[in-house]
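What follows is calculated from the coordinates using simple rules that are stated; it is not laboratory data. The structure displayed is predicted, hence computed values, not measured ones. Every residue, glycine as well, gets a Cβ built from its backbone with ideal geometry; the counts of neighbours run over all protein chains shown.
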Amino acid sequence: MAVDEKLQTVRHSCAHVMAEAILKLYPGTKIAIGPAIDNGFYYDFEFTKDTKFTETDFPAVEKEMRRIIAGNFDFVRKEVSKEEALKIFADQPYKVELINDLPDGETITTYQQDTYIDLCRGPHVANTKEINGQAFKLDKIAGAYWRGDSNRTMLTRVYALCFAKPNDLKDYLTMLAEAEKRDHRKLGVEMDLFHLDPEDPGQIFWHPNGWTTYTVIQDYMRKMVRRDGYLEVNTPAIMPRSLWERSGHWGHYQANMFITESEKRMFAIKPMNCPGALEIFKSKQRSYKDLPLRLAEFGHDVRNEPSGTLHGIMRVRGFVQDDAHIICTEEQVASEVAKFCKLLKKVYHDFGFDDLVVKFSTMPEDHVGDLATWERAEKALSDACHEAGLEYEIQPGEGAFYGPKLEFKLYDCLGREWQCGTIQADFQLPSAERLDATYIGADNQKHHPVMLHRAILGSMERFIGILIENFAGAFPTWLAFEQVAVVPVSSEFDDYARQVNDALLAADIRSNAYLDDENMKAKIKNISQEHKTPYILVVGQKEKDEGSVCVRYRFSSKKPQETMKLEDFVKYVEQKNEEKGTGI
């Protein structure tokens, strides 16, 4: 989505108003930085030792902010010299540090509203009256190291929501409340999908329910890539330092790698799968006739992510990618990217995601390879986008250290954006300077191929987290870990319930028979709440006599219960499994 620059200016201006309010209410506070962000802004503060600032202080700050806004104060921009700036902010050490770090000769500007002056490039609104006093709300508090350095002071980061109109804020708060109900961490426990152990941060313990859905998705992806011409491979979890040095990861990614030693040799647990795939390509001499070679791998990767960045199963240390590497000639890049985009759209459609945004990430400051090679790689990817009919937004400097990439972002039912799929054009890893992969061309000479790194779901774990929240745990039939629950009206019909369940299992339908002593209504309530099972089959005398089942649909308000022959119900579920999509 395009950034609303006017709204971002309002948000940044409101951040200055919050800083003024906090300085007035809590004298002696030190101010750091306060940028606009998605949905609002934040400002970092160092409060005095005597100040215990908590969320209970929010109403007082908001009241003072509204008083300032009502004053209709102009935001006055002023250019100052470095010496003057240092005098203005002499009692603000974080501002002084920022000023001292500015290059000589750079223009320094301050903005003032009311009695508050801040060091800032701007821009700002002309007057506080342009900030709607009913369209912002202080949101939460977090810790943040100054300049992101864990060796520096821990500051208090105050987040706020800010919109153009009160109704926009109201709608966003409603969305947040709905998102909280859908939180995958909460539903993961309630539905017995997985658990996370604080003693083993960033690692997931999948329970039978969650692992069933996991393997359903994995089996689906395995079938889709096989149909699209991929060959599945598997590479070692631990590989030597020498390989990571040649690939460039040791010099550019080492901080995120878990490293170990054996027999006086250094090894690393793989954070990504690409070097292994290229080693398979190099295991024998290849011809241009072998290309493109599409190697798929459900590669288990481990990355040393900071514990503070971990988030449920969305951001973890150990994860599996639906990874693949397409090794091809430079001339094949465009057609292979176009082919990949077609597969990606089909997969996303089957999961219920049809709205996509494509971002094109170009060469970052920290990169390997020369500029000319990068320009060729970026042009190849751009040409591929045109061939695939894709419109994209440029993300300057956001590419991988070895190549430019396309990122595919989807939107869930709450309108939230998720970056999942990616394809990256890599001219570096197969080169003579790196892993020196070659093939014999039509001219009978050796050539270096191009490597396309691509994933559709990205991290399996993260994608499942997205699905849990998108469907609020109520998975469509084909993804549900329990598709059918068979409930007898009394223990007298347990045998028939077993027969029904056995027939469903024989048809590869994921079913359970609930034969415990709990009464039927309690069973149905618990199944609906805990498992969110698409179909509950109630069986009694009538069903036993007729060889039928009484089907209760999960969304009973949309589809009332009905009785059907068991074999007809089996065909119905089989059809739903084949159709995919989001229905039951």
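Using Cα positions and a limit of under 22 Å, work out the lysines in reach of Lys282, with same-chain residues fewer than 8 apart set aside. Lys282 reaches Lys270, Lys446. Shape descriptor for segment 10-153: Rg over Rh equals 0.94 (Cα atoms; Rh from the Kirkwood inverse mean 1/r). First check a/c for the chain, with a ≥ b ≥ c the square roots of the eigenvalues of its C-alpha gyration tensor; if it is under 1.5, answer rounded, and if not, answer prolate when a/b is larger than b/c or oblate otherwise. In terms of gyration-tensor shape, oblate. Can you pull the one-decimal nm distance between simple spin-label points at Ala126 and Thr309, each 7 Å off the Cα toward Cβ? It is 4.3 nm.
According to the Kirkwood expression over distinct Cα-Cα pairs, how big is the hydrodynamic radius of segment 425-584, in Å? Working shown, then result.
On the way: mean 1/r = 0.0532 Å⁻¹.
Computed over segment 425-584, the radius equals 18.8 Å.
The distance between label points at Ser556 and Glu199 comes to 4.3 nm (points 7 Å beyond Cα on the Cα→Cβ vector).
Arrange the peptides 519-530, 451-462 so that the one whose residues have, on average, the most other Cβ atoms within 10 Å appears first.
Those peptides, ordered most packed to least, come out 451-462, 519-530.
Counting Lys and Arg as +1 and Asp and Glu as -1, what is the net charge of the other residues whose Cβ lies under 13 Å from the Cβ of Glu55?
On the way: positive: Lys52, Lys137, Lys140, Arg157; negative: Asp57, Glu62, Asp139.
Local net charge: +1.
With one equal scatterer per alpha carbon and no solvent term, the Debye-computed log10 I(q)/I(0) for segment 378-472 at 0.14 1/Å reads -0.68.
When the Cα positions of Gly122, Phe73, Tyr572 are compared along the charge dipole of the chain, Tyr572 comes out farthest toward the positive end, with charges on each C-beta of Lys, Arg, Asp and Glu.
Report the local net charge at Ala160: Lys and Arg +1, Asp and Glu -1, summed over other residues whose C-beta lies under 15 Å from its C-beta. Once positives and negatives cancel, what remains is -3.
Extension gain, Glu391 to Thr563, is 57.0 nm, computed as 0.36 nm per intervening residue step minus the present C-alpha separation. For the chain, find the longest principal axis of its Cα atoms and tell me its angle to the long axis of helix 494-506, 0 to 90°, nearest 10. Rounded to the nearest ten degrees, it is 70. Compared with the dominant principal axis of the Cα atoms in the chain, helix 371-388 is inclined by about 50°. Under a 5 Å amide H cut-off, with hydrogens placed 1.01 Å from N, Gly40 pairs with Cys162 among residues at least 5 apart or on other chains. In sequence order, segment 281-289 has phi-based couplings of 4, 7, 5, 8, 5, 10, 10, 4, 5 Hz under the Karplus curve 6.51 cos²θ - 1.76 cosθ + 1.60, θ = phi - 60°, and Gly or Pro positions carry x. Here, segment 409-449 yields an orientationally averaged convex hull projection of 4.4 nm² when only Cα atoms define the hull.
Rounded to the nearest 0.05, what FRET efficiency do Arg265 and Tyr159 give with R0 = 51 Å and r taken as the Cβ-Cβ distance? Could you check? Present the calculation step by step, with values, prior to reporting the outcome.
Numbers: r = 47 Å, r/R0 = 0.91.
The formula returns an efficiency of 0.65 here.
Note on Asp101/His349: beta-carbon distance plugged into 1/(1 + (r/R0)^6) with R0 of 56 Å gives a FRET efficiency of 0.70.
Centre-to-centre, using Cα atoms only, segment 9-84 and segment 152-196 are separated by 23 Å.
Could you sort out which of Lys30/Lys170; Lys339/Lys379; Lys284/Lys345; Lys186/Lys521; Lys52/Lys95 sit more than 29 Å apart by Cα distance in this structure?
On the way: Lys30/Lys170 32 Å; Lys339/Lys379 18 Å; Lys284/Lys345 34 Å; Lys186/Lys521 25 Å; Lys52/Lys95 23 Å.
Pairs exceeding the cut-off: Lys30/Lys170; Lys284/Lys345.
Placing R0 at 25 angstrom, the Cβ-Cβ distance between Ala432 and Asp290 gives a FRET efficiency of 0.80 after rounding to 0.05.
Given the DSSP H assignment, sum -39500 (n - 2.57) over each helix run of at least 4 residues in the chain and divide by its residue total; what's the result at 222 nm in deg cm²/dmol, nearest 500? Working shown, then result.
Working: 17 runs with 199 residues, N = 584.
Taking each H run of at least 4 residues, the total per residue is -10500 deg cm²/dmol.
Look at the dipole of the chain built from charges on Cβ: of Leu537, Asn444, Leu410, the Cα furthest out on the positive end belongs to Leu537.
Let me check I've understood the local charge: for Val189, count other residues with C-beta under 12 angstrom from its C-beta, Lys and Arg +1, Asp and Glu -1. What total comes out? Every neighbour counted, the sum reads -2. Put simply, the amide H of Phe194, placed in the peptide plane, has neighbours under 5 Å in His207, leaving out anything fewer than 5 places away on its chain. Relative to the dominant Cα principal axis of the chain, helix 166-181 is inclined by about 40°. Applying D = kT/(6 pi eta Rh) to segment 314-382, where Rh is the Kirkwood radius over alpha-carbon pairs, T corresponds to 37 °C and eta to 0.692 mPa s, the Stokes-Einstein value obtained is 220 µm²/s.
Beyond 17 Å, the tail of the calculated P(r) for segment 229-280 holds 32 percent of the Cα pairs. Considering only Phe360, Met272, Ile37, the residue lying farthest towards the positive end of the dipole of the chain is Ile37, judged by Cα position with unit charges set on Cβ.
How big is the convex hull of the Cα atoms of segment 456-498, per residue, in Å³?
Details: hull volume 4.3 nm³, N = 43.
Hull volume over Cα atoms, normalised by residue count, gives 100 Å³.
Peptides 194-203, 467-476, 563-572, 38-47 ranked from most to least packed, by the mean per-residue count of other Cβ atoms within 10 Å: 467-476, 38-47, 563-572, 194-203.
Taken one residue at a time, the phi angles of segment 139-151 give Karplus couplings (6.51, -1.76, 1.60, θ = phi - 60°) of 10, 6, 10, 9, x, 8, 5, 4, 6, x, 9, 5, 8 Hz. Gly and Pro are set to x.
Projected onto its three principal axes, the C-alpha set of segment 305-454 covers 54, 37, 27 Å, listed from the longest axis down.
The charge dipole of the chain, taken about its Cα centre with unit charges on the Cβ atoms of Lys, Arg (+1), Asp and Glu (-1) only, comes to about 300 debye.
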